[in-house]
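Okay, structure first, notes after.
Derivation of every value follows stated rules applied to the coordinates shown; laboratory data play no part. Bear in mind the structure is a predicted one, so any value in this text is a computation, not a measurement. Cβ coordinates were reconstructed from backbone atoms using ideal geometry, including for glycine residues, and neighbour counts include every protein chain displayed.
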Amino acid sequence: MGHREQLLEGAKRCLYERGYARTTARDIVAASGTNLASIGYHFGSKDALLTAAMIEAMDEWGDELGRAIVVDPGATPPDRLAAIWTGVAESVTNHRPLWAASIDLLTQMDHQPELRERLAAAIEAGRVSFTSLVLAGVEAPADAGGGNGAGANGSAGKTPADGSASAVGSLVMAVITGLTVQCLLDPERAPSGSDLVAAIRTIEEAAG
């Protein structure tokens, strides 16, 4: 592993352990076993290195999210929702530093245009994938959800006549963000996937 790769690994370790704001160049050097001059040579600045590390961390978070979510192909949409959110909650418990870093990424997006662009693209892709996953292959419309027409399992689905289905993916993403925060801050009282689906049903019943 060369110095560049060592710096990236060290910077990611610092992001997971210390967060973006508290990480110094010397922290990265200590974590990577390199030297201060290497940061300037390979990345130009500490901030550029941390941005590159955050992008890699975001990719790792996406990979972990994919591993965490296991959905029975024959399950109903509500059961699919419960499985998605349960998988997320369990993953936050098992991989806390990675998920905490994903929240830290959000706090930096206004200062890092490249990171903001990557996050926006990832969220848009997530909307399409989760819509397909929950609705068993029904994709979000191209003008609302983006993407390449392939669902979470790689299969193309039928596009609905209007954009209403794309809101399903947005709902899943919104709950994942909120659930992550609750699991990080108050894991003992954070809801399970089944709790969240039951809450949606309660609202539906109350609405008559």
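Among [x] 21.0, 82; [y] 23.0, 74; [z] 19.2, 66, only one was calculated for this model; which label is it, if the read-out is Rg and Dmax of the Cα atoms in Å?
Checking each listed value against the structure points to [z].
For the Cα atoms of the chain, what angle does the longest principal axis make with the long axis of helix 46-68, in degrees from 0 to 90, nearest 10?
That works out to roughly 30 degrees.
Using only alpha-carbon positions, what ratio does the radius of gyration of the stretch 1-93 give when scaled by 2.2 N^0.38 Å?
1.44
State, to one decimal in nm, how far the label point of Ala30 lies from the label point of Thr107, with both points 7 Å from Cα in the Cβ direction.
So the two model labels end up 2.0 nm from each other.
May I ask for the angle, rounded to the nearest 10°, between helix 193-206 and the longest principal axis of the chain, with both axes built from Cα atoms and the value confined to 0 to 90°?
So the helix axis and the longest Cα principal axis differ by about 40 degrees.
Kindly put Ser170, Ser194 in sequence by how many other C-beta atoms sit within 10 Å of each C-beta, fewest to most.
Numbers: Ser170 18, Ser194 15.
The most exposed by this proxy come first: Ser194, Ser170.
Label point 7 Å out from Glu205 along Cα-to-Cβ: which residues of the stretch 66-89 have amide N under 18 Å?
78-79, 82
Roughly how big is the stretch 1-135's charge dipole about its Cα centre, with Cβ charges of +1 (Lys, Arg) and -1 (Asp, Glu), in debye to the nearest 20? It would help to have the intermediate numbers written out before the result.
Working: 13 positive and 18 negative charges, 64 e Å.
Dipole size: approximately 300 debye.
So for the chain, taking the charge dipole from beta-carbon charges (+1 Lys/Arg, -1 Asp/Glu), which of Leu106, Leu185, Cys14 sits furthest toward the positive end?
Result: Cys14, furthest along the dipole toward the positive end.
Kindly provide the helix-only [θ] at 222 nm of the chain, computed as the sum of -39,500 (n - 2.57) over DSSP H runs of four or more divided by all residues, to the nearest 500 deg cm²/dmol? List each step's numbers first, then the result.
Working: 10 runs with 146 residues, N = 208.
It comes out at -23000 deg cm²/dmol, rounded to the nearest 500.
Extension gain Met1-Glu188, at 0.36 nm per residue separation less the Cα-Cα distance, in nm?
Details: separation 187, 0.36 × 187 = 67.32 nm, distance 4.05 nm.
This chain segment gains 63.3 nm when fully extended.
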